[in-house]
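Everything below concerns the one structure shown next.
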Amino acid sequence: MVGSVEAATGFGRGAGGDIKKRVDIEAEDSLIQTLQKRDVSCTLISEESGVRQIGAHPSEAFVTADPVDGTTNAVRGLPFVGISLAVSSKPVLEAVEVALVADVLRDVTYIAKKNNGAYKNEQRIKPSETNRLEEAVVGVDFNTFRTRELVNQLIGILQRTRHLRHLGANALEICYVADGTSDAFIDIRGKLRITDIAAAYLILLEAGGIINTPEGERLNVPLDPKQRVSFIATANKSILNAMMNLMKSRGCDS
């Protein structure tokens, strides 16, 4: 199905507001069927179907899911596509206790359990120690009509950073910060759904990284399909402080 014309067809709008693709619908249906077959009781929070109660005791746990992280990559055949699942005791981000992000085309799985570290294919991971923006690999999501506005906000960072990337699957890109592949990932569009990154959030924190709002506060929002987020995810405080200082300086200039 990945890369097929049928996978790219639109099927109305999902609970998060985006156009649904066939690949999204089939992936979510498979997830729901698996939960039901295993007699799991939970409240599923998903960008496609919204909030759905499953089993006899749905308030026992909340599962926040993005069954296809990187839908555009999937329908175009670009090999960077993930699955994101987060389990929490209540529907708020800081309550996420168990997380999984899988790179489905590379046979790589990231997992984390609160207060127990983060792992990539069963090997414990930690972020990089790179502390200079000039040496850092930084992901930036510019997928928006407000590109000029975002560039203006981030111009200081863009001028200092030589290695910019965006691969198109945000949960996986945050996991790349967690395992030291990259050094930071920025998404300040206010467009990304919390369902996309709920699992990666815990994985990065358990690895030892940082994920804050653009204002420098700890990221914590309701786990709701319509909830949008902006964030700066970094390997360490040195990279975060450098970015925050450049953004504040730009704010004073504008």
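Taken together, the values in this text are just the output of simple stated rules run on the coordinates, not laboratory data. Keep in mind it's a predicted model, so treat the numbers as computed, not measured. For neighbour counting, all protein chains shown are included, and Cβ atoms are generated from backbone atoms with ideal geometry for every residue, glycine included.
Between the residues THR181, GLY117, ILE45, the greatest Cα displacement towards the positive end of the dipole of the chain, with unit charges on the Cβ of Lys, Arg, Asp and Glu, is found for THR181. In sequence order, segment 189-196 has phi-based couplings of 6, x, 10, 6, 7, 5, 4, 6 Hz under the Karplus curve 6.51 cos²θ - 1.76 cosθ + 1.60, θ = phi - 60°, and Gly or Pro positions carry x. Could you tell me how many degrees, from 0 to 90 and to the nearest 10, lie between the Cα long axis of helix 22-37 and the main elongation axis, the longest principal axis, of the Cα atoms of the chain? For helix 22-37, the angle is close to 60 degrees.
Peptides 169-177, 238-246, 140-148 ranked from most to least packed, by the mean per-residue count of other Cβ atoms within 10 Å: 169-177, 238-246, 140-148. Rounded to the nearest Hz, the phi-derived 3J(HN,Hα) couplings of segment 166-181 under the Karplus curve 6.51 cos²θ - 1.76 cosθ + 1.60 (θ = phi - 60°) are 8, 9, x, 9, 5, 4, 5, 5, 5, 5, 5, 5, 4, 9, x, 5, where x marks glycine and proline. Computed packing ranks the peptides 64-75, 47-58, 114-125 as 64-75, 47-58, 114-125, most packed first, by mean other Cβ atoms within 10 Å.
When shorter helices are ignored and each DSSP H run of at least 4 residues is given -39500 (n - 2.57), the per-residue value for the chain at 222 nm works out to -9500 deg cm²/dmol. A Förster radius of 25 Å combined with the Cβ-Cβ distance from LEU158 to LYS248 puts the calculated FRET efficiency at roughly 0.95.
How many percent of DSSP beta bridges within segment 114-223 run antiparallel, rounded to 5?
Beta bridges within segment 114-223, antiparallel portion: roughly 35 percent.
For segment 183-254, what does the alpha-carbon gyration tensor say about shape, rounded, prolate or oblate, given a ≥ b ≥ c as the root eigenvalues, a/c under 1.5 as rounded, and a/b over b/c as prolate?
Numbers: a/c = 2.59, a/b = 1.32, b/c = 1.96.
Oblate shape, in that a/c is at least 1.5 and b/c is the bigger or equal ratio.
Taken about its Cα centre, the chain carries a charge dipole of roughly 460 debye when the Cβ of each Lys and Arg holds +1 and the Cβ of each Asp and Glu holds -1.
Using mean Cβ contacts within 10 Å as the protection proxy, how do 189-199, 217-227 order, highest first?
The densest-packed peptide leads the list: 189-199, 217-227.
Bridge orientation summary for segment 32-158: considering DSSP beta bridges with both residues in this region, about 90 percent are antiparallel.
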